[in-house]
Structures are given as structure tokens and as C-alpha cells.
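Here is the structure we will look at.
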Amino acid sequence: MTATLPARTAARTGVLVLAVAAVADDVPGIRTLTLRRSEGGPLPAYPAGSHLVMDCGDRRNAYSLTGDGSPAEEYRVSVLLCPDGDGGSAFVHRLAVGDVVTASRPRSAFAPVSTARHHLLVAGGIGITPMLSHARAAVRWKRSFELLYGHRPGAGAHLDELRDLCGDRLAAYGSTPEMLAAVRAALADRPLGTHVYVCGPAPLIAFVEETAAELGWPAERVHAERFSAADLDPGEPFTARLARSGTRVPVPSGTSLLSALEEAGVAVPNLCRQGVCGECRVPVRSGRPLHRDLYLSEAERAAGDAVMCCVSRSVDDELELDL
Amino acid sequence: MGAEHTSVPRWGTERPAPDPSARALLLVGFGARGCAITTAWAADVPAGRAVEVLAADDADEAVLAVLTARIAGARVGWRLMLAGPEADVLAARAVALRAGVLDAEIRCAVTSTERKRVYCPHCRTTTATTAPVAGETPCDGCGRRLHVYAHVSRRAGAYLGFMADAEEVA
């Protein structure tokens, strides 16, 4: 690793070059891309619930793969257009057949628990995408599962294929109160050994986590996939001290620790740059991290010996990193 | 093996309390001291929770079969609490873990660590002993002298033994 390399190089190994083989807009605002290797051939298999980090112009966004994960020549992702977003979804919605995109290999951060007796899948809106992958894998591997899917009336992405795939294991709701009542009823009475997985808007995830806790579910049985970290404030300035070189890197308000490190010529592997993927974890020697990511567990946060440098900052004026 | 990394459980000196988030609990006491603890636990469980208390002399097949049946019928929100000698608590915990119960759903109070169950990987028999860790015990199955190793299998609920003189020239 040398200081002259651009900081992203370390994370760029294993990049997939993919051509858009098909575009489908079955539901307004939601585009499904079929991606194949430009040169053809098989793509890496992946655990259900995995995502690709795709280069979307000047952004890098994580999109869930919707297949069952077994080796195939195609990947599929479905992307909701967010007109008020940062442009990643708009980039995807401008793609046409034949365009070439680059993406990471599949990354698994939301896999089914292999020892689960039953899988309770809860999806809201475009949060259906990792759940479609889970449902396909569950069917393929004959796992016990059910899917509760809340969507806007007439805007249920993948609804027809889910009906074919899941049969009576699918319950779809066009109204939020009905959806939440069904989620509560399920959480109130499922066999010990069940794990619940939720992906969707933040209020749905919060409802599942809170209701599960209230009904006696240990956190270890509850798994959530968030779209992205909430909008974060610019934060207080602090100094990062690099223990191995003795270098001091100032991190001004409004600049992330990751950006400051990159500007100082320190290469840190990173992907999503929004506190989700876990790639940019750096070890902390002293100082208290101000955790703002969605990746570290409560226990890891409490240990205070690592920080996700893309979004997290420092409580103390100085944070000593093992770099 | 560094003591820091041993898998031998450190039970702690404080007796755990019933998990307030539990909706139903099974309390299993082994021996008089274990049963005294489950009685105290039962009194501490908040009102409105379903509580079942089992009393047993030790973790024999009959009580482990009842435990297995209760786990099979349990719903998420259920908790298991075990009290008694380490050998019995480990055996019952192993049954629960193998059935998919999580550590977060099990609380244990150990009244003594004198008795141990030692698994022999040479003949796959489990032997009851009072030998200390790093001590020796003959295997009930094959008669080998087993070194009681500082390793406890969560899945088997037993200490690992191995042939004490395996390296010596016969």
C-alpha cells in the first residue's frame, strides 16, 4: 500500500463488469435490470439477501440481488426511482439495454440463519428485493418460511412472481394498518427457533424491532436490512492520530473521517460510504468513537475498539487509530 | 491454552434473574440446591407469564426428553432457566442449544462444578468423573486414561478428554 495510490484501489479488486441485458418497468417507478458479464459466462454465487455495490455515476449504491443465489449467468436488481435522492436511482433508471456498469462482487450482510426452524420475512415497498431472494432460496432449499409484504395499492413490485413462488406463504397488504396488524400477529405466535427478517422503510423496521422486543424476541432472532443511514449532521471537528506513523490528520466539520484519511494519502478499503456495508472498519487504539453507522452491533459499539470511518466520528478531540 | 480463551464456562458469582421480556418460562432445578433456586426464580417472575417448574435429581434421559418436548412446543418469547450442578446444567443446555434455543434465551445458575462429564473422542463414550481440569480419569467405554482438557463442548455439554499417554512409547 503506497500513499500515491488512490484510496479506492484496495476495494476495487474483483470488480464485475456487467452489461444490461434487459430492462423491465413492470411497476411504475421501479426498474428491474438483468445484468450479465460483458464477455458472458457464470457470475459468482451468493447467499440469499446479498447485494451488489454498483457504480452509479459519481455515487456507489448497494442494490439487493433478487435471485436465489445459486450460480447463474444473470443477476437481477430492482431499483425504485427516488426523485429526491442523490442520483443513484436516477442513474439506474437512465440505463438501457447494452449499457455497461461496474459493480462489486456480491456482498452478504443479510443472510438467512442456517439453524432457523422457520423464517418470517417482512417486506415494505422496495424492501421486497432481498426478501424475494430469501423466498427463492427458501423454496429451493425447502426451508419453512412465510412472507408478509406491505406495498402501495397497485405498486407491489414482483407481486405476481411472488404469488407463484410462495403460494399461501405470501400475505400481501395494500394498507399499512393491516400490514402492521399482520406483523404483530405473526410476532405474537411463531415457533421457538423462528428468525424474523425485515427490509423496508425505517418506520417499518422500527415497528418490527420494537414489537418483537415487546413480545419477548431476543435481538439475535431479529434481522434488519436498512436502505441507508439517516441524514447525518456535519459533526464536530476532531483530530485522527495514526498510531503507526504518528501522523495527525485533522477532520473538519462536514468532512468524513474516511475522506480526511484519503486526502492524507491513507488508503482505507471502502464501498458504500454510508455506514451500511462494513468495509471501511478501522481499529481504534484510544479515544471514544462517535458511532453513526448501521453496521456495528451494540456490543461492538460498546467495545469502542473499531470505527466505521465513512460516517462515524469522535466524541473526544482526538481519536487514535491503529493505522 | 491461555485461560483467557478457554471454553470452560465461568458461571459468575451472581445468580441471574428471570428475563423480564420473557412471555413464558421453563425452570428446571437439579438436586435440592437447584430446586431451591428455581423456587426463588418462580417467585420473581412478573405476573402474567406462563411458568412451568421441573424438579429432577439429575439431567437423566427422562427430564431431557421432557425438555425436548417443551422446546418443540414453545413459541418465540419462551425462556429456559437451569439451576443445579454444572454437569446437569451443561447437559440440559446442550439439549436446548441443539434444538435451536439461543444463548440469549437460556440463563443458568450453577451450584457446584465438582462433577464433570468427559467425552472420549477415541470411543465416543461420555464418562462421569470428579477429576479436575488437567486431571485424569479412566474412560468408562474404552478404559483409556483420559486427560481432562480445558475445553467444554456447548453442543455435547461435556469436557473434552484425550488419551493421556498418547505420545509415550508403549
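The values are calculated or read from the model by the stated rules, or taken from the named source; none is laboratory data. Quick caveat: nothing in here was measured; it's all calculated off a predicted structure. FYI the Cβ positions are ideal-geometry reconstructions off the backbone, even for glycines, and counts take in every protein chain you see. The accessibility values were calculated without ligands, DNA or RNA, using every heavy atom of the protein model including side chains. Shrake-Rupley method; radii C 1.70, N 1.55, O 1.52, S 1.80 Å.
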- Query: Long-range amide H contacts for residue A:247: which residues qualify at under 5 Å (H placed 1.01 Å from N, peptide plane, sequence gap of 5 or more or a different chain)?
  - Reply: A:242
- Query: If you line up the long axis of helix A:128-140 against the longest principal axis of chain A, both from Cα atoms, how many degrees apart are they, to the nearest 10?
  - Reply: 60 degrees
- Message: Give me the summed buried accessible area for the B-A pair, 1.4 Å probe, to the nearest 100 Å².
- Response: 1300 Å²
- Message: Just to confirm my understanding: which cysteines in chain B have no other cysteine beta carbon less than 4.7 Å from their beta carbon?
- Response: B:35, B:108
- Cα gyration tensor, segment B:3-110 - rounded (a/c under 1.5), prolate or oblate: rounded
- For residue A:173 the rounded accessible area (nearest 10 Å², probe 1.4 Å, non-protein molecules ignored) is 50 Å²
- Task: Can you tell me the equivalent ellipsoid semi-axes for segment B:116-163? Use √(5λ) from the Cα gyration tensor, largest first, whole Å.
- Result: 14, 12, 9
- Rounded to the nearest 500 deg cm²/dmol, what is the calculated helix-only ellipticity per residue at 222 nm for chain A, with -39500 (n - 2.57) per DSSP H run of length n ≥ 4? -6000 deg cm²/dmol
- Kirkwood Rh for the protein assembly as shown from C-alpha pairs, in Å, is 26.0 Å
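For residue B:168, what charge total do you get from the other residues with a beta carbon under 14 Å from its beta carbon, if Lys and Arg give +1 and Asp and Glu give -1?
Details: positive: B:144, B:145; negative: B:136, B:165, B:167.
Summing Lys/Arg as +1 and Asp/Glu as -1 gives -1.
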- Normalised by the residues of segment B:3-110, what does the relative contact order come to in percent, with Cα pairs under 8 Å and at least six apart? 34 percent
- Degrees between helix B:61-73 axis and first principal axis of chain B (Cα, 0 to 90, nearest 10): 50 degrees
- Task: Using just the helices of chain B, give the 222 nm mean residue ellipticity in deg cm²/dmol: DSSP H runs with n ≥ 4 each add -39,500 (n - 2.57), and the total is spread over all residues, rounded to 500.
- Result: -7500 deg cm²/dmol
- Message: Calculate log10 I(q)/I(0) of segment A:118-225 for q = 0.12, 0.14, 0.17, 0.22 Å⁻¹, where I(q) comes from the Debye formula with a single equal point scatterer on each Cα and nothing for solvent.
- Response: -0.34, -0.47, -0.71, -1.23
- Exposure ranking of A:263, A:279 by accessible area [1.4 Å probe, largest first]: A:263, A:279
- Once the Cα gyration tensor of segment A:211-323 is diagonalised, what are the square roots of 5 times its eigenvalues, in whole Å and ordered largest first, as equivalent ellipsoid semi-axes? 27, 15, 13
- Item | Chain-alone versus full-assembly comparison, segment A:157-200, residues with accessible loss of at least 50 Å² (1.4 Å probe) | A:192
- Give the distance, in whole Å, between the Cα centre of segment B:47-63 and the Cα centre of segment B:103-170. 26 Å
- Note on the structure: By accessible area (1.4 Å), largest first, B:88, B:58, A:233, A:322 order as A:233, B:58, A:322, B:88
